[in-house]
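Student: The structure under discussion is supplied below as structure tokens; questions concerning it will follow.
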């Protein structure tokens, strides 16, 4: 015991158990219900696109890190997560090259060129979704109703039905959007599956309940203010359909593209809800979640700057308290 | 009982393995050399009063500082001064130290241990005894206690807050002391209130120590103006400003000291040392120490002579199961990792924690993922992630403007960070630089 070597380091000497990897893995676990629901309703087409999307996300991450001589960080699950999220955001009918191009954009341009994990100023999967809808509108926007033989919906998605055809949902339609038996992206149709995953994330303290709850509540509130059509008002139906739940639980809560301050997060969430309602009611596009979140992602640095918490022993204005 | 807490903070696994181990004495063995660093406190270092070859007695003053903010040091054994030279002490600082070879005769100075009634002493006499007994804050800071007990004339102390929170994981000394020495604790509370007759006195204890709370409450019912406050177990509840907030609901203004808002915070161990010095005429020569961690054979709480080396102490209680990867002097959140086992126990060391590689190795730093957890948990209301970026940019001015000096160095940010970034370390480095240059944000 005379000449043993002991290690020294700065405090604190103990650290919490969670790591980047465990957090990413928990998000992947939380996406399992939505993924399974997508595969159940949209079949092998959906499964094939999910596999291609994840594989291409991992491939691009590997190639970029190899090419720029950085450590390969595929084992942190973040590329897998981006690939899965993008697949869940696409229709099951897109050509197979669409997820590949989307991941090229998500991983290389949005994520790696801005500095990699934690440095992306937008959610990579959402940015890629919007990139694809704009650049390849003809193929990327073709949403197939799930189980179309049984369903009476003749329109692609519930939201486009409301927007363009003054659709009034019946009780059966509510049931369909809750379980996911409607048209839309692979991962966003089943409200039930997404909520299960979202509750898991909140329970595991990966995300704060405030962002998703505030987004949903503000969509309910603002869609009451901005009525879509004269045939009635269906805020619950609107909240359950489209990309709202997937966006609120899994996209808006993305760490690197959301504010770090508690107050910033609240403003961020309210503004996303407002933007969704504005786009849905006044825009030419039936869906607004992706644009709303991306738009608010751009405000994050400003929100962070002006919503700093009150420093202990000072007033909000930074003066010393009496 | 009032239950209180503060804003934010973290919940590390408490790992208080030794909470039920009664305090045992550790006697220094015959051959051991005890080392007394001349700087174990905040303020001017002490000057030796002895030279090599002198024989000293147990309880003899061997070093003393000059000025007001300083203290004195006493020998904890009888023996011979063999050397006075520089060592690296438990805080990692280089300090001159007096080496004393123990002769195991336990010969004490005259009047050592004589009983005294504090009621017969004046306030100034009590403060002189405290200074002469080498008492400093035993919770870790090491601020000379006679200075703390003598606040500037223009400050009126309205709240005395005794810190029994013990929020650091692993540590159990305050808990055991409060449970086993309750009678002495009650007397020391009365002594403290005798010094500040107009102040209200509160003893804050985390409610994971209910046995201590119950015992103190039942024995203190006759003390007027005294209360036991139960604290929600959370780190850093024992930090001065967080404790004041929990108990009095008042925030210490940024840049001010507790006495500016009429508060005085003192540790449980410290007031017991004051009582021992004033009532029993025993200077600060020993302290209670938690010896724990997964490398140690007999973890427990021990009464140990100040000056004994970590190696000596651990060998006399049964040694180690395996070579430690890391040894921490103090708690795992704020304590210092020591570089070798010859380091002596100083007045402010509350524990030695012997950790294996599994429990003591820090994970590798990764990219920040901007989760914002450091912001959610920072008890000072800072943005540790931003401060870390500023430090890595080497921008001292922006650091000061971003309130970096208001950091309390509790380490909650580093603890909670999923990317395992060394947030507290970077912020501490710049904070110390800013403080040494007296840089502060205009308020």
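Student: Can residue B:421 be described as under 27 Å from the mean Cα position of the chain (by Cα), surrounded by 18 or more Cβ atoms within 10 Å (Cβ to Cβ) and over 26 Å from residue B:243 (Cα atoms)?
Tutor: On the way: under 27 Å from the mean Cα position of the chain (by Cα): yes; surrounded by 18 or more Cβ atoms within 10 Å (Cβ to Cβ): yes; over 26 Å from residue B:243 (Cα atoms): yes.
Criteria met by residue B:421.
Student: Let me ask something else about it. Quick one: in the stretch A:256-314, which of the residues that are facing chain B (nearest Cβ under 10 Å), without any contact (Cβ under 8 Å) to a residue 12 or more places away in the chain and part of a loop (DSSP other than H, G, I, E, B) is surrounded by the most Cβ atoms within 10 Å (Cβ to Cβ)?
Tutor: A:312
Student: Among the residues of the stretch B:298-335, which ones are at the interface with chain A (Cβ under 8 Å from one of its Cβ atoms) and buried (at least 23 other Cβ atoms within 10 Å of the Cβ)?
Tutor: Answer for the stretch B:298-335, where residues must be at the interface with chain A (Cβ under 8 Å from one of its Cβ atoms) and buried (at least 23 other Cβ atoms within 10 Å of the Cβ): B:324, B:326, B:327, B:328, B:332, B:333, B:334, B:335.
Student: If residue B:284 satisfies every condition in (1) touching a helix residue (DSSP H, G or I) at 6+ places or on another chain (Cβ under 8 Å); (2) within 21 Å of residue A:14 (Cβ to Cβ); (3) part of a loop (DSSP other than H, G, I, E, B); (4) in contact (Cβ under 8 Å) with a residue 60 or more places away in the chain but one, which is the exception?
Tutor: (2)
Student: Just name the residue that is surrounded by the most Cβ atoms within 10 Å (Cβ to Cβ) out of those in the stretch A:8-18 that are within 7 Å of chain B (Cβ to nearest Cβ) and out of contact with any strand residue (DSSP E or B) (no Cβ under 7 Å at 6 or more places or on another chain). Steps first, answer last, please.
Tutor: We begin by selecting, within the stretch A:8-18, every residue within 7 Å of chain B (Cβ to nearest Cβ); these are A:8-16, A:18.
Cutting the leftovers down to out of contact with any strand residue (DSSP E or B) (no Cβ under 7 Å at 6 or more places or on another chain) gives us A:10-12, A:14-16, A:18.
Details: A:10: 16, A:11: 23, A:12: 31, A:14: 23, A:15: 18, A:16: 19, A:18: 18.
If we take residues in the stretch A:8-18 being within 7 Å of chain B (Cβ to nearest Cβ) and out of contact with any strand residue (DSSP E or B) (no Cβ under 7 Å at 6 or more places or on another chain), then A:12 is surrounded by the most Cβ atoms within 10 Å (Cβ to Cβ).
Student: Say whether the condition of being more than 30 Å from residue A:137 (Cα to Cα), without any contact (Cβ under 8 Å) to a residue 24 or more places away in the chain and either loosely packed, with under 15 Cβ neighbours inside 10 Å or within 14 Å of chain B (Cβ to nearest Cβ) (or both) is met by at least one residue in the stretch A:19-40.
Tutor: yes
So that you can scan it fast, the table gives a plain yes or no per residue for (1) over 26 Å from residue B:116 (Cα atoms); (2) touching a helix residue (DSSP H, G or I) at 6+ places or on another chain (Cβ under 7 Å); (3) in the same structural domain as residue B:169 (by TED's automatic domain parsing):
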residue	(1), (2), (3)
B:220	no, yes, yes
B:234	yes, no, yes
B:238	yes, no, yes
B:242	yes, no, yes
B:249	yes, no, yes
B:258	yes, yes, yes
B:266	no, yes, yes
B:289	yes, yes, no
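Student: Please return the ranges of helices (runs of 4 or more DSSP H) entirely within the stretch B:352-443 where 3 or more residues are within 11 Å of chain A (Cβ to nearest Cβ) and under 17 Å from residue A:260 (Cα atoms). Please lay out each step first, then the result.
Tutor: Numbers: elements: B:357-360, B:373-377, B:384-392, B:396-401, B:412-416, B:423-436.
The helices (runs of 4 or more DSSP H) meeting that bar are B:373-377, B:384-392, B:412-416.
The values are calculated or read from the model by the stated rules, or taken from the named source; none is laboratory data. What you see is a predicted model; the values in this text were computed from it and never measured. Neighbour counts are summed over all protein chains in view; Cβ atoms, including those assigned to glycine, are modelled from backbone coordinates with ideal geometry.
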